[in-house]
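The values are calculated or read from the model by the stated rules, or taken from the named source; none is laboratory data. Quick caveat: nothing in here was measured; it's all calculated off a predicted structure. Note that we place each Cβ from the backbone using ideal geometry, even for glycine, and neighbour counts take in every protein chain shown. Heads up: the accessible areas ignore ligands, DNA and RNA and are worked out on the full protein's heavy atoms, side chains in. Shrake-Rupley method; radii C 1.70, N 1.55, O 1.52, S 1.80 Å.
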Amino acid sequence: PPICRLDGERHGTAADASFNGIMQPPFTRSEELAMIALLIIDMQNGCFAGSPPRHDAAGTIARINQLAGRVRPRGPVIFIQHTDAREGLARDSDGWHLLDELDRAPGDVIEEKTACDAFLDTGLQPLLDRHAVTELIITGCATDFCVDTTLRSACSRGFAVTIPNDAHTTRDRPH
């Protein structure tokens, strides 16, 4: 059955769910055969502009880049890009573009979204189906909005999901 692994849970046992704890041998037989995809959510210039700053932005970006390098041999790396002019993320604006610090490789995919849920009214589900993905690793910005919403949607769709506890970020908010 699908398993959601959140901040330290791995197959029901206490284990490090940081990026160092993911994709490391020994794999179980089912993990060796699973098709994994990495979702990198809303790591865009406009999401990192302003203050207060995102928590550990540079470290989060570095860990996402390292994780992407580990995932690419096993499955797709998918950048989820939010588009919403009201939020400073109008298509082709400076704020809309992905952060320059992100490592992108040929074969990486960009999927555009207009809501917190990366599955809602996007081509994400068909893309994952084409690649026979059964497990998702979800990273990005913002922990308490788009990352959380996409996590819940992925779990409800039957994916095994891992959220590395050091590969997503947010900022203090007034509410």
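A Cβ distance below 8 Å, combined with a sequence gap of six or more or placement on separate chains, defines the contacts here; from region 147-162, residues that are open to solvent by less than 50 Å² (accessible area, probe 1.4 Å) reach residues that are small (Gly, Ala, Ser) and assigned to a helix (DSSP H, G or I) in the pairs 161/154. Here residue 42 clears all of (1) acidic (Asp, Glu); (2) open to solvent by 50 Å² or more (accessible area, probe 1.4 Å); (3) closer than 17 Å to residue 168 by Cβ except the condition numbered (2).
The residues of region 85-97 that are outside any loop (DSSP other than H, G, I, E, B), surrounded by fewer than 16 Cβ atoms within 10 Å (Cβ to Cβ) and in contact with a helix residue (DSSP H, G or I) (Cβ under 9 Å, 6 or more places away or on another chain) amount to a single one, 87.
Among the numbered conditions (1) at pLDDT below 55; (2) open to solvent by less than 70 Å² (accessible area, probe 1.4 Å); (3) within 18 Å of the chain's Cα centre (by Cα); (4) not acidic (Asp, Glu), the only one that residue 28 does not meet is (3). The residue of region 113-129 that is surrounded by the fewest Cβ atoms within 10 Å (Cβ to Cβ), among those that are among the small types (Gly, Ala, Ser) and within 12 Å of residue 41 (Cα to Cα), is 115.
If only residues of region 130-145 that are farther than 13 Å from residue 78 by Cβ and assigned to a helix (DSSP H, G or I) are counted, the one that is least open to solvent (accessible area, probe 1.4 Å) is 143. Of the residues 78, 110, the single one that is touching a strand residue (DSSP E or B) at 6+ places or on another chain (Cβ under 6 Å) and either buried (at least 20 other Cβ atoms within 10 Å of the Cβ) or small (Gly, Ala, Ser) (or both) is 78. Taken together, the criteria exclude residue 102 from residues that are open to solvent by 60 Å² or more (accessible area, probe 1.4 Å), in a loop (DSSP other than H, G, I, E, B) and modelled with pLDDT of 95 or more.
Output yes when any residue across region 64-76 is of a type in the set (Gly, Ala, Ser), in contact with a Phe, Trp or Tyr (Cβ under 9 Å, 6 or more places away or on another chain) and assigned to a helix (DSSP H, G or I), and no when none is. For region 64-76, residues of a type in the set (Gly, Ala, Ser), in contact with a Phe, Trp or Tyr (Cβ under 9 Å, 6 or more places away or on another chain) and assigned to a helix (DSSP H, G or I): absent.
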